[in-house]
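Let me begin by presenting the structure, written as structure tokens, before commenting on it.
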Amino acid sequence: MAIIDFFDRGWRISPGGPAYIQDGRSYSFREVGELSCRIANALIAAGLPKETKGAIWAGNDVSAWTCTLGLWRANMTWIPVNARNAAEENLHILDAFDCDIVFFQQAFSAVIDSLRPRLPRVRLWLCIDGEHEGTQSLAAWVSGQPATAPQVRADPDDVVALSPTGGTTGKPKGVMNTHRSLQTFIGHFMLACSYGAGETPVNLAAAPMTHTAGLLSLPTTARGGTVVVVTRPDPGLILGAIATHRVTEFFLPPTVIYRLLEIPGIEKQDFSSLKYFLYGAAPMSVEKLKRAIEVFGPVMAGGYGQTEAPAAIANLPPSEHFSHGALAADSRLSSVGRPNPLIRVEIMDDANRILPPGESGEICVRGDLVMKGYYKAPEKTAETIVDGWLHTGDIGHIDAEGYLHITDRKKDMIISGGFNVYPSEVEQVIWSHPAVQECAVIGVPDEKWGEAVKAVVELNAGKSVSADELIALCKEKLGSVKAPKSIEFVAALPRSTVGKVLKKDLRDQYWTGAQRKI
């Protein structure tokens, strides 16, 4: 099965129905499907072979997403470009991943013009939404091409997405995902987020479609549902769209959810249409998760995945946030749920031995969800996929009920005085204080302990708490070994363009010239 088949399933179910809505404008399955066919036919007419690599440099936009569908229909490879990245980072991605085609919006024409001389490999520059000097417009380029699907043979292991890793520990690597791995992701999602007869999903693409939100739109279109595209990450637009379009599902990272919860009067908003409010991509504060359930209802759905095993290693459905009619214990709410059914998940030690339930080690994944490998990096691939097992780099354990817990990234673990300290455990305690908006716990150099536990804290507007109070809270809950030795308050923590806190940037401030022991 090819990745484009999921869109085409929805096209057959509801050809004249709304596939996407953006800025009040509705796009039918037929309209989007036919444009994707014209794009695919134009790509093939240009003599481009399968797995030709095409980048989409745009914000959240239906026409831009249709270019992705066109690439897939021609069995070519999509390079997601986050338009919020620095230009040099995107330049590196396009160059290192051997990009052949760039579809871009006019809004980014200035940066495109500055980079074009440095990307001689790119054969086609196509302006999605109009004319631009020295490039072709998408409309002119596809003019005259058939609006019917080309006959293209796809192998399940053909690469259809070449996605950059987060880049928080250096230059991003190119993750090669295939028809097979993305199909497995969609299967997992459709099993986890089910709909009954007569229910039609309405997905809100509020996060970047170049990241999780784009992939999460595919199960909706496969069911003949509608994707509502929000062009700006504006809380007012997001909340308004939920009520206006009767949204049933959407995804946001925890940092954005925290900000929604701080909006005055949020409790009075209409969230009655919601069935699944998905969160993930970073650890979620248990206290803030409880607050989200109060505000949004019993609809919160946790998940865990990586670019290397996209979005669907484990899930915690709304029902499992509860037990015997009451809110589940913190020990379950802090988990990412049970592993999904079409893969195998185990905890391994440094010798690649599988550990029993309850013991901590590296989370490893095996199955069709796993990437094909890193682009042009066989050594990195061999380090990460060992005997068929993807080594995620995440430390965790599986409890007696089968719930997967992520303790931390392997590289984030702190060794203080010979004791292992997992930052996420400390962060959960600090997050529980009502004055705290966000925090990050890191290890810093210390002559006595080797590494000392330090917390960097961002407060809620108008709230205050002292460092001594937070340290005392951690000592009470965790003991003195795990409690921070120091706390620093900042106006804003450094974040990536998708909202992840950049702990590497925080650590670098303290470790320049020093040597970490892990």
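Restricting the search to strands (runs of 3 or more DSSP E) fully inside region 383-429 and requiring at least 1 residues that are free of Cβ contacts under 8 Å to residues at least 40 places away in the same chain and within 20 Å of the chain's Cα centre (by Cα) gives 389-398, 404-409. Exactly one residue out of Asp394, Asp368 is within 20 Å of His188 (Cβ to Cβ), in contact with a helix residue (DSSP H, G or I) (Cβ under 6 Å, 6 or more places away or on another chain) and charged (D, E, K, R), and it is Asp368. For region 235-248, the criterion of being among the basic types (Lys, Arg) and at pLDDT below 90 is satisfied by no residue at all. With respect to the conditions (1) closer than 23 Å to Lys171 by Cβ; (2) at pLDDT 90 or above; (3) in contact with a Lys or Arg (Cβ under 6 Å, 6 or more places away or on another chain); (4) not charged (D, E, K, R), Leu493 falls short on a single one, namely (3). Note on region 238-258: residues that are surrounded by 15 or more Cβ atoms within 10 Å (Cβ to Cβ) and either more than 16 Å from the chain's Cα centre (by Cα) or more than 26 Å from Leu493 (Cβ to Cβ) (or both) total 10. A count restricted to region 289-345 and to residues that are within 27 Å of Lys268 (Cβ to Cβ) and at pLDDT below 95 stands at 1. The condition (being farther than 18 Å from Ala45 by Cβ, touching a residue at least 24 places away in the same chain (Cβ under 8 Å) and touching an Asp or Glu at 6+ places or on another chain (Cβ under 6 Å)) is satisfied by just one residue among Val159, Val111: Val159. Consider region 442-493 and keep the residues that are small (Gly, Ala, Ser) and assigned to a helix (DSSP H, G or I). The one that is farthest from the chain's Cα centre (by Cα) is Ala472. Residues of region 310-337 that are assigned to a strand (DSSP E or B) and surrounded by fewer than 19 Cβ atoms within 10 Å (Cβ to Cβ): Phe322, Ser323, Ala326, Leu327. Taking region 431-462 as the range and being without any contact (Cβ under 8 Å) to a residue 40 or more places away in the chain and farther than 20 Å from Met284 by Cβ as the test, the residues that pass are Asp446, Glu447, Lys448, Trp449, Ala452, Val453, Gly462. Is it the case, given these coordinates, that Ala207 is surrounded by 24 or more Cβ atoms within 10 Å (Cβ to Cβ), in a loop (DSSP other than H, G, I, E, B) and not assigned by TED's automatic domain parsing to the domain that holds Val160? Here the answer is yes, as Ala207 does meet what is asked. Could you tell me which residue of region 280-334 is farthest from Asp399 (Cα to Cα), considering only residues that are under 12 Å from the mean Cα position of the chain (by Cα) and among the hydroxyl-bearing types (Ser, Thr, Tyr)? Checking each candidate, the answer is Thr307.
Residue-level check: of (1) at pLDDT 95 or above; (2) farther than 13 Å from Thr392 by Cα; (3) of a type in the set (A, V, I, L, M, F, W, C), Cys364 misses just (2).
Of all residues in region 430-437, at least one satisfies being in a helix (DSSP H, G or I), assigned by TED's automatic domain parsing to the domain that holds Leu473 and β-branched (Val, Ile, Thr).
For region 134-184, residues that are of a type in the set (Ser, Thr, Tyr), surrounded by fewer than 18 Cβ atoms within 10 Å (Cβ to Cβ) and part of a loop (DSSP other than H, G, I, E, B) total 5. Of the residues making up region 81-97, those that are assigned to a loop (DSSP other than H, G, I, E, B) and either farther than 20 Å from Ala213 by Cβ or not hydrophobic (A, V, I, L, M, F, W, C) (or both) are Arg84, Asn85, Ala86, Phe97.
Looking across region 1-27, the residues that are within 17 Å of Ala205 (Cα to Cα) and among the charged types (D, E, K, R) come down to Asp23, Arg25.
The values are calculated or read from the model by the stated rules, or taken from the named source; none is laboratory data. None of these values were measured; they are calculated from a predicted model. When we count neighbours, we look across all protein chains shown, and the Cβ atoms used for this are built from the backbone with ideal geometry, even at glycine.
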